[in-house]
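> The following block contains the structure, expressed as structure tokens.
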Amino acid sequence: MKKLALLSFFPLTVLSKELPPFIDTDFIQNAEFKCLNSLPKVDENEEKFVKKLWNETLTYLEGYATALSTSTNNLCYKSDLAMTETYSKETGKEVKQCIMDNVDMQKLVKHIYTIIHNPEKAYQCFNPQKNVAGLYSPSSEVKEISEVAKWLNRSTLKNYFENQTIDPIKRNGIKFSENFYQMITGKDLTMPNNFPFDISANALPNLWASVGWIPMYSGSDLRSVNAGDEHFRGGYAYGEIMGHWGLLQIDTINNEPVGAEIGMTVQAMNTFYPYHFHNIPEIYYTIKEPKCENSIQQFVLGKNSSELNTVDESKKTRSLEFNSIFSKDINKYWRSTTPKKDPLLYIPRNSIHAFDLTQQCENNSKGSAHITIWARSTANEKNNDYGTTLLCELKDESLPKNKINDRNVDVICKQNIHIY
């Protein structure tokens, strides 16, 4: 047995010509990495699989960082344009921002470029997560597109859902697994215009098949129960490529904490992701073209919106009521997203957000889904929940749990206040 051998890479030169202007080349050159965990040991036969997974990871990260720091119009310089709120009463339209104006996003992109330009050092923090409990292969069909996934031989989501005791979650989860391959592959996967190349499962099959997927709301814990509808609970999963729980686990670069948590999400069609929030920023790129423009609708309400009513507050927490039942403007807050129309969403800290895929305008929803390139920027902040997703809860606790899966609902959102 031996540790993973370093890969051979072409030398990278003239860094300043390749980097966004906010990145100091001195930070990148000869950068020092501290890993969260040590490298696993593999034999020579296994090494080729890890190398293949690592190379697709680098490709994914490079495509992501390039897209974020590339302009698609005359409004931003070296930056993509992101939606940060889906509606403003003051202007009567959505709120947008050059995403690289945010310091947290500048740091995320800087860390990615540092990885790309120091691949051999970053590789020491790479772990394929073989035999790690709680990480799944989407399905046997997805395994077939990847020799790496076959080597990892993770249990499938179908196996996982077959062992669930709640019949609707079991039934919907099995269907989700059986449709997963069709959801993440095919001609409907379309990268937004500013991506330099394809980083979907069509181009990076080993990464998408092998990353290790988590069926986030399918368990018996209180948060999962509060997620409501079993169709949603059995029809949502995410994979983490980089981050404290991902394949690439970096603690610090040049003694600077790395908070990037980067991966992908899949939400089945005809489901509603209820109003939720977290105490760190989050971004999504939509990369699958829906059958009709309004199939995938997103909602972001700023934490200081007049639609929110503070019902309780202390130094560390506050509870906000959002009663969309009585909001005459509620439907104005929902905006469609496609790879070509408003594909990038930047969600500031503690903003209330949700995703509605229940508009019933898909002719055949079997392979339809909201597929995203996803990230959080400051998941290293232990004082801010490590970015844990917190669901708003029904104000009327006597209502059935699935009432939470509706845009017209009265909820309480119990937030932790950001601690610096």
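The values are calculated or read from the model by the stated rules, or taken from the named source; none is laboratory data. What you are looking at is a predicted structure, and each value in this text was computed from that prediction instead of being measured. Ideal geometry is used to build each Cβ from the backbone, glycine not excepted, and the neighbour counts take in all protein chains shown. Side chains are part of the model used for accessible areas, which takes the heavy atoms of the whole protein and leaves out ligands, DNA and RNA. Shrake-Rupley method; radii C 1.70, N 1.55, O 1.52, S 1.80 Å.
> With the cut-off at 29 Å, tell me which of the pairs LYS51/LYS143; LYS41/LYS150; LYS121/LYS341; LYS170/LYS340; LYS110/LYS341; LYS52/LYS187 have Cα atoms farther apart than that. Can you show the working numbers first?
Values: LYS51/LYS143 18 Å; LYS41/LYS150 18 Å; LYS121/LYS341 38 Å; LYS170/LYS340 35 Å; LYS110/LYS341 27 Å; LYS52/LYS187 24 Å.
The answer is LYS121/LYS341; LYS170/LYS340.
> Please label the shape of region 22-111 as rounded, prolate or oblate, based on the square roots a ≥ b ≥ c of the eigenvalues of the alpha-carbon gyration tensor (a/c under 1.5 means rounded; beyond that, a/b larger than b/c means prolate, else oblate). Mind dumping the intermediate values first?
Values: a/c = 2.86, a/b = 2.21, b/c = 1.29.
Prolate, because a/c is 1.5 or more and a/b exceeds b/c.
> Note the full-extension length gain between ASN30 and SER398 as 0.36 nm times their separation in residues minus their Cα-Cα distance, in nm to one decimal.
Details: separation 368, 0.36 × 368 = 132.48 nm, distance 5.91 nm.
Between ASN30 and SER398, full extension yields an extra 126.6 nm.
> Apply the a/c threshold of 1.5 to the C-alpha gyration tensor of region 348-393 and tell me whether it is rounded, prolate or oblate.
Working: a/c = 3.70, a/b = 2.24, b/c = 1.65.
Prolate, since a/c reaches 1.5 and a/b exceeds b/c.
> Sort 395-401, 210-216 for me by packing, meaning the mean count of neighbouring Cβ atoms within 10 Å per residue, highest on top.
Numbers: 395-401: 11.0, 210-216: 24.3.
The most tightly packed comes first, giving 210-216, 395-401.
> Using a 7 Å offset from Cα along Cα-Cβ at GLN124, what residues in region 252-267 end up with backbone N under 19 Å from the label point?
Residues passing the 19 Å test: 252-259.
> Express in Å², to the nearest 10, the accessible area of PHE33 obtained by rolling a 1.4 Å probe over the protein heavy atoms while all chains stay in place.
Surface accessible to solvent at PHE33 totals approximately 40 Å².
> Whole number in Å², please: accessible area per residue of the chain, 1.4 Å probe, ligands, DNA and RNA not counted. Let's see the in-between values first.
Working: 17830 Å² over 420 residues.
About 42 Å² of surface per residue is accessible.
> Would you please put 307-319, 407-419 in order of how densely packed they are, using the mean number of other Cβ atoms within 10 angstrom per residue and starting with the highest? Write out the running numbers ahead of the final one.
On the way: 307-319: 12.5, 407-419: 17.8.
Highest-to-lowest ranking by the protection proxy: 407-419, 307-319.
> If you don't mind, there's one more thing I want to ask. ASP43 to MET216: extension gain in nm, 0.36 nm per residue of separation minus the Cα-Cα distance?
Numbers: separation 173, 0.36 × 173 = 62.28 nm, distance 3.27 nm.
Answer, rounded to one decimal: 59.0 nm.
> Computing the accessible area with a 1.4 Å probe over protein heavy atoms, can you report the carbon and sulfur percentage for region 105-192?
Working: 1590 of 3660 Å².
Summing carbon and sulfur atoms, their accessible area is 43 percent of the total for region 105-192.
> Sticking with this structure for a sec: List, in the order given, every pair from LYS315/LYS395; LYS303/LYS332; LYS291/LYS403; LYS89/LYS328; LYS303/LYS403; LYS315/LYS401 whose Cα-Cα distance in the structure shown is over 20 Å.
Long pairs (Cα-Cα over 20 Å): LYS315/LYS395; LYS291/LYS403; LYS303/LYS403; LYS315/LYS401.
> Also, I was wondering about something else. Carbon and sulfur together cover what percent of the accessible area of region 369-411 at a 1.4 Å probe radius?
Details: 770 of 1860 Å².
Exposed carbon and sulfur together represent 42 percent of the surface.
> Which order do PHE326, PHE161 take when ranked by solvent-accessible area (1.4 Å probe, heavy atoms of all protein chains), largest first?
On the way: PHE326 170, PHE161 0 Å².
So the residues, ranked largest to smallest area, are PHE326, PHE161.
> If you line up the long axis of helix 103-117 against the longest principal axis of the chain, both from Cα atoms, how many degrees apart are they, to the nearest 10?
That works out to roughly 30 degrees.
> To make sure I understand the rule: partners must be aspartates and glutamates, Cα under 15 Å from the Cα of LYS107, and not fewer than 8 residues away in the same chain. Which ones qualify?
Qualifying aspartates and glutamates at Cα under 15 Å: ASP24, ASP26, GLU62, ASP251, GLU256, GLU261, GLU282, GLU381.
> What is the angle, in °, between the Cα long axis of helix 44-68 and the longest principal axis of the Cα atoms in the chain? Nearest 10 is fine, range 0 to 90.
Long axis of 44-68 versus the principal axis of the chain: about 50 degrees.
> If I model a spin label at LYS328 and LYS315 as a point 7 Å from the Cα along the Cα→Cβ vector, what separation in nanometres do I get?
For LYS328 paired with LYS315, the spin-label model returns 4.2 nm.
> Looking at the square roots a ≥ b ≥ c of the eigenvalues of the Cα gyration tensor of region 275-420, which shape do they give, rounded for a/c under 1.5, prolate if a/b is larger than b/c, or oblate?
On the way: a/c = 2.07, a/b = 1.33, b/c = 1.56.
Since a/c reaches 1.5 but b/c is at least a/b, the shape of region 275-420 is classed as oblate.
> Sorted by accessible area (1.4 Å probe), largest first, how do LEU81, LEU204, LEU222 line up?
Values: LEU81 40, LEU204 10, LEU222 120 Å².
If we order LEU81, LEU204, LEU222 from most to least accessible, we get LEU222, LEU81, LEU204.
> For helix 167-184, what angle does its Cα long axis make with the longest principal axis of the chain, in degrees from 0 to 90 and rounded to 10?
The two axes meet at around 50 degrees.
> Taking the Cβ-Cβ separation of ASN294 and ASN408 as r and a Förster radius of 22 Å, what is the calculated FRET efficiency to the nearest 0.05? Kindly include the intermediate steps, with their values, before the conclusion.
On the way: r = 17 Å, r/R0 = 0.77.
So the FRET efficiency works out to roughly 0.85.
> Largest first, how would THR286, THR190 line up by accessible area (1.4 Å probe)?
Working: THR286 0, THR190 35 Å².
Heavy-atom accessible area, descending, gives THR190, THR286.
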